[in-house]
Each structure stands twice: as structure tokens, then as C-alpha cells.
Amino acid sequence: MLYIDESTVKDILKWEKTFTAVETAMQRVSEGRIVQKPRTMTFIPNTANVMGTMPGYLDDKEFGALGCKLVTSFPNNAKLENPLPSVNANIMILDEKTGIMKAVIAGTEITTQRTSAASAVATKYLYVNHSKQCGVLAILGTGVQGRIHAEMFRHLFGFPEVRLWNRSKEKAKRLAEELNKKYNTNAFRYCEDNETCIKGADVIVTATNSPDPIVQRSWIKPGAHINAVGANRHHFNELDREVYRNADLFVDSIETSQAEMAGLNLDDNLKGEVGAVINGTLPVSPRERITIFNGIGMAVEDCAVARAVYDLYNQVKYKM
Ligand SMILES: NC(=O)C1=CN([C@@H]2O[C@H](COP(=O)(O)OP(=O)(O)OC[C@H]3O[C@@H](n4cnc5c(N)ncnc54)[C@H](O)[C@@H]3O)[C@@H](O)[C@H]2O)C=CC1
Ligand SMILES: O=C([O-])C1=[NH+]CCC1
């Protein structure tokens, strides 16, 4: 059985490839060329820990795959003496004709990249493509997702200022220093509080486990775009309800969002799927309207990126 480990995935998977795979998966969702149900969640009693199973099928020449991700979210892993990622995953991909397993692929880096890529796809189609300004990016939460969003968004969209806020301030400060050094810049700035981080920002990313709102409506600039990524079991808790009431909401999949975001009154502001915007079947919002992308993460994104990794691995292997 072929196992492609994390360090190999990190070596061969480039952000641009992940972006294209996720963009394709989002389009196929809105074309009905996928099969994907809400994930099953095994909540481990008396803890914040959860294990999810995410099976999916994606019909596409380049990124099509039949697969299943097993993912755990153990939010306290980051606080261990030897910290570990909070989110860990493996992805199985199966032969579509025989159902036989082709490979198990380490899925932690894939999950990291594909989540940020989904936000980037949404940002491209809901914001960047409408000639809106990419001046200030605000990142709330500087864990694994905060870091990848900061790096990937600056790389793809060239934000000259990336603000970083975290509940424990030292962590945000350290990340700003580290990224400034890595990219030989002073673009990454640490913020003392979430309000300062958000005010005047063009694009906002929330990537925390906060059960309470960390974004207030009055702090957001007209026409800004928000990618709400975090909050673990409660995908919509990072934004105050007033934010949802005064914005256009876009999701990755209506079907899975209806299950996992059931506590939010989606009917009020839900415009539809990002895939439909990409395909031109859903209009974009007026310029001054705030937009939210609430991506809860899709199995078919994992299938698409896993297929890309499998093909890249085989190309590299056969060349040797
Ligand atoms: N939508 C999706 O597809 C995905 C969503 N996620 C979610 O994104 C979030 C971040 O994931 P990672 O960066 O991997 O986790 P992480 O553990 O690396 O970072 C979590 C961050 O949240 C902050 N935080 C925790 N509790 C908080 C609170 N009460 N208020 C403010 N900040 C708080 C921590 O300081 C930490 O910096 C999690 O909720 C995770 O479940 C992760 C992967 C995929
Ligand atoms: O879609 C995903 O893989 C996850 N969503 C929340 C934690 C992991």
C-alpha cells in the first residue's frame, strides 16, 4: 500500500496547484458533478475534541477522485509541552473502477493548504476580480490557519500590509517577526487588539476557536470581504450576528452548510455557493456591500488536492 507522508506532500504540493484544485472542486459542486454529504462527527465526551469522516466523489478529468478523509481536531494540541497541530488528517483515495485503495496520503498539509486556498478562491471571485483594493489584510488567530492565510494571501494578492492579532499576543508578535524575517519585509504587523486589527482592513480572515464573536459590524469597512474559517464546532461564532445581518453570505456547499451551520438563519443572507459565482450563474454583490465566505471545508476539496498529490508523486517517482 502506497503511503505518501507529510514531508513528501510538503515537498511536491505548491500553493498554485492547491488553488487550482480547490477552484475546480468549488466549480464542480455548483455544477452537480460531485457527491458529498455532511461529514460525520464523533465528539469525544467531556473534551473539545472531535473526529470527522469526509467521504466524497468528484468528477473531473484533472482533479477527479473518489476518496475519504479522516480528520481530527484536538484544539489543545498546540498547548502541549511539545506542541502538535490541532488538526491532523489522512486521506484515502480509491480506484474509481474497482473500488480498490490506490493510496493513503498524509492529509494535514493538504488540509492546511486547501482551507486557505478556499478562502483565496472566494477572495479572488468576490473581491479581487472587482478591482477592489488589496491594501490591508487582517488575520485574527495566528495558529496554523492564520499563518498559511497570511503567507498565501500575500503571495497571491500582494497585500502590502498584513495585520496579525491573536488572543495570546506574544504568539502574534512572534509570527510577525518570523514572517518579516523570512520574506525580508516589514509588511507583517502585530496588533494589540482585534478592533485595531479589523478597522480599515480590506480583507479579514478569522481563524480561531473562539466561541464568542471577535468581529463587530461597526469595525468593518464598507465593501470589505471576510473569510470566516474557524470556531471548530460552531462555524459561525467568530462573527457577530449583526455582521451576518448586514452582509452577503457565500458558502462552499449549500448542502453541507445547511447541516453544519444550522444554528444560523441562513435564509436571510445566504446568496449561494462560490462555485456559482465562478461559473457566472450567481451575480456578485454590489461594490459597497460586505461579503462573507464561510467555508466549512469540503471532502471534494480534499479529493481534488489528494489526486493532484498522487499524480505529482507518480510523475516524480517515474522520473527517478
Ligand atoms: N473551515 C475549514 O475548512 C477548516 C477550519 N479549521 C478551523 O480553523 C480554526 C483554526 O485552526 P488551526 O489554525 O489549525 O488551529 P490552531 O490551534 O493552530 O490555532 C487556533 C488559534 O485560535 C486561537 N484561539 C483559541 N481559542 C480562542 C478564543 N476563545 N478566542 C480567540 N482566539 C482563540 C488560538 O490562540 C490559536 O492561535 C479551528 O477552529 C479549526 O477547526 C481548520 C481547518 C479547516
Ligand atoms: O474541513 C476540515 O478538514 C476541517 N474543518 C474543521 C477542522 C477540519
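3J(HN,Hα) along region 70-85: 10, 10, 10, 10, 10, x, 8, 4, 5, 8, 5, 4, 10, x, 10, x Hz, from the Karplus curve 6.51 cos²θ - 1.76 cosθ + 1.60 with θ = phi - 60°, whole Hz, x for Gly and Pro. GNM, the chain, Cα, under 10 Å: largest mean-square fluctuation among ASP59, ASP11, ASP193? For the chain, modelled as a Gaussian network with Cα springs under 10 Å, the answer is ASP11.
Across GLY99, GLY223, GLY295, mean-square fluctuation computed from a Gaussian network of the chain (C-alpha pairs under 10 Å connected) peaks at GLY99. If only the Cβ of Lys and Arg carry +1 and only the Cβ of Asp and Glu carry -1, the dipole of the chain around its Cα centre is close to 520 debye.
Which of GLY146, GLY280, GLY200 ends up with the largest GNM mean-square fluctuation for the chain, with Cα atoms connected below 10 Å? Checking each option, the largest mean-square fluctuation is seen for GLY280. Think of it this way: in the chain, CYS68, CYS134, CYS303 stand alone, with no other Cys Cβ under 4.7 Å.
Return the whole-Å distance between the Cα centroid of region 235-276 and the Cα centroid of region 113-146. Region 235-276 and region 113-146 have Cα centres spaced 17 Å from each other.
Here the 3J(HN,Hα) profile of region 190-206, calculated from phi with Karplus coefficients 6.51, -1.76 and 1.60 at θ = phi - 60°, is 7, 10, 5, 9, 5, 4, 4, 4, 7, 4, x, 6, 7, 10, 10, 10, 10 Hz, Gly and Pro shown as x.
In the chain, helices alone account for a calculated mean residue ellipticity at 222 nm of -11000 deg cm²/dmol, with every DSSP H run of four or more residues adding -39,500 (n - 2.57).
Using the structure shown, list the pairs from LYS199/LYS221; LYS79/LYS181; LYS79/LYS169 with a Cα-Cα distance above 18 Å, or answer none.
Working: LYS199/LYS221 7 Å; LYS79/LYS181 25 Å; LYS79/LYS169 15 Å.
Exceeds cut-off: LYS79/LYS181.
For the chain, the longest principal axis of the Cα atoms and the long axis of helix 15-31 meet at an angle of about 90 degrees. Subtracting the Cα-Cα distance of LYS182 and ASN129 from 0.36 nm times their residue separation leaves 16.2 nm of extension gain. Residue order for ARG147, ARG174, ARG114, fewest other beta carbons within 10 angstrom first, comes to ARG174, ARG147, ARG114.
By how many degrees, between 0 and 90 and to the nearest 10, does the Cα long axis of helix 144-157 differ from the longest principal axis of the chain? Value to nearest ten degrees: 80. With Rh defined as the Kirkwood radius, the inverse of the mean 1/r over Cα pairs, the Rg/Rh of region 1-144 is 0.99.
Around the amide H of GLY295, modelled in the peptide plane, lie the amide H atoms of ALA228, all under 5 Å away and 5 or more residues distant in sequence or on another chain. Remark: relative contact order (the chain) = 21 percent; criterion is Cα-Cα distance under 8 angstrom and separation of 6 or more residues.
Using only the alpha carbons of region 130-294, what is the convex hull's orientation-averaged projected area in square nanometres?
Values: hull surface 36.4 nm².
One quarter of the hull surface, i.e. the mean projection, equals 9.1 nm².
Evaluated at 37 °C with a viscosity of 0.692 mPa s, what Stokes-Einstein diffusion coefficient in µm²/s does the chain have when Rh comes from the Kirkwood expression over alpha-carbon pairs? Taking Rh from Cα pairs, D becomes 166 µm²/s.
Scanning residues 5 or more positions from LEU239 or on other chains, those with amide H under 5 Å from its amide H are ILE214, with H placed 1.01 Å from N in the peptide plane. Residues THR206, THR20 in ascending order of nearby Cβ atoms (within 10 Å, fewest first): THR20, THR206.
Give the lysines reachable from LYS97 as a straight Cα distance under 25 Å; neighbours fewer than 8 places away on the same chain don't count. Candidates past the 8-residue exclusion: LYS37, LYS61, LYS69, LYS317.
No value in this document is a laboratory result; all are computed from the given coordinates. Model, not experiment: these values are computed from the prediction. Every residue, glycine among them, receives a Cβ derived from its backbone with ideal geometry; neighbour counts consider all protein chains shown.
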